[in-house]
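Asks: Handing you a structure now.
The values are calculated or read from the model by the stated rules, or taken from the named source; none is laboratory data. None of the values given here were measured: they were computed from a predicted structure. Virtual Cβ from ideal backbone geometry, glycine too; neighbours counted across all protein chains shown. The accessibility values were calculated without ligands, DNA or RNA, using every heavy atom of the protein model including side chains. Shrake-Rupley method; radii C 1.70, N 1.55, O 1.52, S 1.80 Å.
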Number of protein chains: 2
Amino acid sequence: MSKATSDQAAALLANAEFYAAFSSGDFSAMDALWSTVETVLCVHPGQKPVVGRAAVMNSWRDLFDLGGTPIRFDRDSVVMIRGLAFVSCLEYLGDVLLSATNVFVWEAGAWRLVLHNAGAVADPRAIARDTRRDEILH
Amino acid sequence: MSKATSDQAAALLANAEFYAAFSSGDFSAMDALWSTVETVLCVHPGQKPVVGRAAVMNSWRDLFDLGGTPIRFDRDSVVMIRGLAFVSCLEYLGDVLLSATNVFVWEAGAWRLVLHNAGAVADPRAIARDTRRDEILH
């Protein structure tokens with residue numbers, strides 16, 4: 001496996017760890033996944049941007065205080081831009097389908113989040129159609 | 001003005017140029033604003049991620065084919081992460097309030113987009129309340 005491929009696989013693994021922490025409401029795991037060096041940003045679905053580590057982690061604590069969030073993800077893909085890993089994926093939260101971008105920096109030997117931006121997909125049926133079309137074409 | 005401050009001001013100017021191109025439906029201006037070197041990503045509101053320059057520019061062409069988009073923005077702020085400029089702002093599209101993250105790389109003497117991710121804010125009244133609270137507290 002080339003270094004580039006290995007970097008991308010590790011970023012996708014960090015992305016999976018993000019959703020594991022999210023789903024289980026594990027604040028310590030979520031906290032460990034975010035950069036402690038860079039100024040981080042987070043856009044939760046339907047909300048305005050949250051900027052800075054303290055505010056972002058408070059937003060996760062508030063969310064986890066409400067209980068577990070049975071979130072799933074798939075169709076994850078990663079693009080490397082100037083050494084940062086930009087991961088796109090779809091999220092499933094009950095009946096709600098969302099689209100997310102998660103950006104990671106390599107920091108202290110691990111991929112750490114600097115941005116999570118998620119928003120609802122308006123018409124899940126459009127995705128279902130696209131998925132079927134992808135399966136036909138690819 | 002320090003170089004860091006100047007970089008941030010230039011990134012906010014590029015962000016303003018993005019919304020000028022968007023609002024006027026100027027495809028050439030929009031095309032010139034996106035990186036031609038990196039793999040770019042775009043999440044339009046309520047849609048799944050679009051990856052790659054050809055697909056992203058096609059999405060803008062499709063949008064501009066529908067006519068002008070009277071979009072405005074404010075509350076723009078920029079964070080520099082590993083040399084990339086992460087711009088957060090609010091967007092106003094008719095009665096719809098959106099939250100956006102636009103990420104720029106410095107390329108060929110200009111800030112060029114590698115990510116646009118926008119999604120509707122669920123309750124614009126919450127933003128109005130926050131704005132008033134900000135005005136009181138700051």
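Asks: Need the failing condition index for B:Leu12 against (1) out of contact with any Asp or Glu (no Cβ under 8 Å at 6 or more places or on another chain); (2) more than 23 Å from A:Ala120 (Cβ to Cβ), just the number.
Replies: Evaluating B:Leu12 over (1) out of contact with any Asp or Glu (no Cβ under 8 Å at 6 or more places or on another chain); (2) more than 23 Å from A:Ala120 (Cβ to Cβ) leaves (1) as the failure.
Asks: Right, something else. Can you name the condition, by its number, that B:Ser24 falls short on among (1) among the hydroxyl-bearing types (Ser, Thr, Tyr); (2) within 9 Å of another protein chain (Cβ to nearest Cβ); (3) under 16 Å from the mean Cα position of the chain (by Cα)?
Replies: It is condition (2) that B:Ser24 fails.
Asks: Ok, one more. When you go through (1) among the small types (Gly, Ala, Ser); (2) modelled with pLDDT of 95 or more; (3) surrounded by fewer than 17 Cβ atoms within 10 Å (Cβ to Cβ) one by one for B:Ser6, which number turns out not to apply?
Replies: Condition (2) is where B:Ser6 drops out.
Asks: State which residue pairs qualify: first residue over 12 Å from B:Pro49 (Cβ atoms) and in contact (Cβ under 8 Å) with a residue 24 or more places away in the chain and inside the range A:94-112, second residue polar (S, T, N, Q) and surrounded by 15 or more Cβ atoms within 10 Å (Cβ to Cβ) in any location, beta carbons under 9 Å apart, and separation of 6 or more residues or different chains.
Replies: A:Phe104/A:Asn15; A:Phe104/A:Ser35; A:Val105/A:Ser35; A:Glu107/A:Ser35; A:Trp111/A:Asn15; A:Arg112/A:Ser35
Asks: Hey, can you tell me all the residues within the range B:84-119 that are over 19 Å from B:Ser35 (Cα atoms), touching a Ser or Thr at 6+ places or on another chain (Cβ under 9 Å), modelled with pLDDT of 95 or more and aliphatic (A, V, I, L, M)?
Replies: Quick first cut of the range B:84-119, residues over 19 Å from B:Ser35 (Cα atoms) only: B:89-99, B:119.
Add one more test, that the residue is touching a Ser or Thr at 6+ places or on another chain (Cβ under 9 Å), and what stays is B:89-91, B:93, B:99, B:119.
Then drop every residue that is not modelled with pLDDT of 95 or more, which leaves B:89-91, B:99, B:119.
If the condition is that a residue be over 19 Å from B:Ser35 (Cα atoms), touching a Ser or Thr at 6+ places or on another chain (Cβ under 9 Å), modelled with pLDDT of 95 or more and aliphatic (A, V, I, L, M), then B:Leu90 is the only one that fits.
Asks: Within the range B:59-73, is there a residue that is at positive phi, free of Cβ contacts under 8 Å to residues at least 40 places away in the same chain and either under 15 Å from the mean Cα position of the chain (by Cα) or not in a helix (DSSP H, G or I) (or both)?
Replies: Our first condition is that a residue be at positive phi; within the range B:59-73, this holds for B:67.
Next, from what is left, pick out any that are free of Cβ contacts under 8 Å to residues at least 40 places away in the same chain: none.
The answer is no; no qualifying residue exists.
Asks: Give me the pairs, please: first residue somewhere in the range A:37-48 and at the interface with another protein chain (Cβ under 7 Å from one of its Cβ atoms) and assigned to a loop (DSSP other than H, G, I, E, B), second residue anywhere and open to solvent by less than 20 Å² (accessible area, probe 1.4 Å) and polar (S, T, N, Q), beta-carbon distance under 9 Å, and either six or more positions apart or on two chains.
Replies: The qualifying pairs are A:Gly46/B:Ser99; A:Gln47/B:Ser99; A:Lys48/B:Ser88; A:Lys48/B:Ser99.
Asks: Out of the range B:27-36, which residues are away from every other protein chain (no Cβ under 14 Å) and touching a residue at least 24 places away in the same chain (Cβ under 8 Å)?
Replies: Initially, the range B:27-36 is screened for residues away from every other protein chain (no Cβ under 14 Å), giving B:27-33.
Scanning the range B:27-36 gives B:Phe27, B:Met30, B:Asp31, B:Leu33.
Asks: From B:Trp106, B:Trp111, grab the single residue that is over 23 Å from A:Val43 (Cα atoms), assigned to a strand (DSSP E or B) and not aliphatic (A, V, I, L, M). Outline the logic, then answer.
Replies: Working: B:Trp111 fails: over 23 Å from A:Val43 (Cα atoms).
From the options B:Trp106, B:Trp111, the qualifying one is B:Trp106.
Asks: Can you work out which of the residues in the range B:91-103 that are at the interface with chain A (Cβ under 10 Å from one of its Cβ atoms) and closer than 30 Å to B:Lys3 by Cβ is surrounded by the most Cβ atoms within 10 Å (Cβ to Cβ)? Spell out the reasoning first.
Replies: Within the range B:91-103, the first condition is being at the interface with chain A (Cβ under 10 Å from one of its Cβ atoms), and the residues that meet it are B:97-101, B:103.
Subsequent filtering for residues that are closer than 30 Å to B:Lys3 by Cβ retains B:99-101, B:103.
Numbers: B:Ser99: 27, B:Ala100: 25, B:Thr101: 23, B:Val103: 29.
Step by step, filter the range B:91-103, then rank; the result is B:Val103.
Asks: Also, quick follow-up: Considering only residues that are of a type in the set (D, E, K, R) and more than 11 Å from chain A (Cβ to nearest Cβ), look in the range B:51-90 and name the one that is most open to solvent (accessible area, probe 1.4 Å).
Replies: If we filter the range B:51-90 for residues that are of a type in the set (D, E, K, R), which is where we start, we get B:53, B:61-62, B:65, B:72, B:74-76, B:82.
Subset that is more than 11 Å from chain A (Cβ to nearest Cβ): B:53, B:61-62, B:65, B:72, B:74.
Details: B:Arg53: 60, B:Arg61: 114, B:Asp62: 97, B:Asp65: 117, B:Arg72: 143, B:Asp74: 55 Å².
For the range B:51-90, the residue satisfying everything is B:Arg72.
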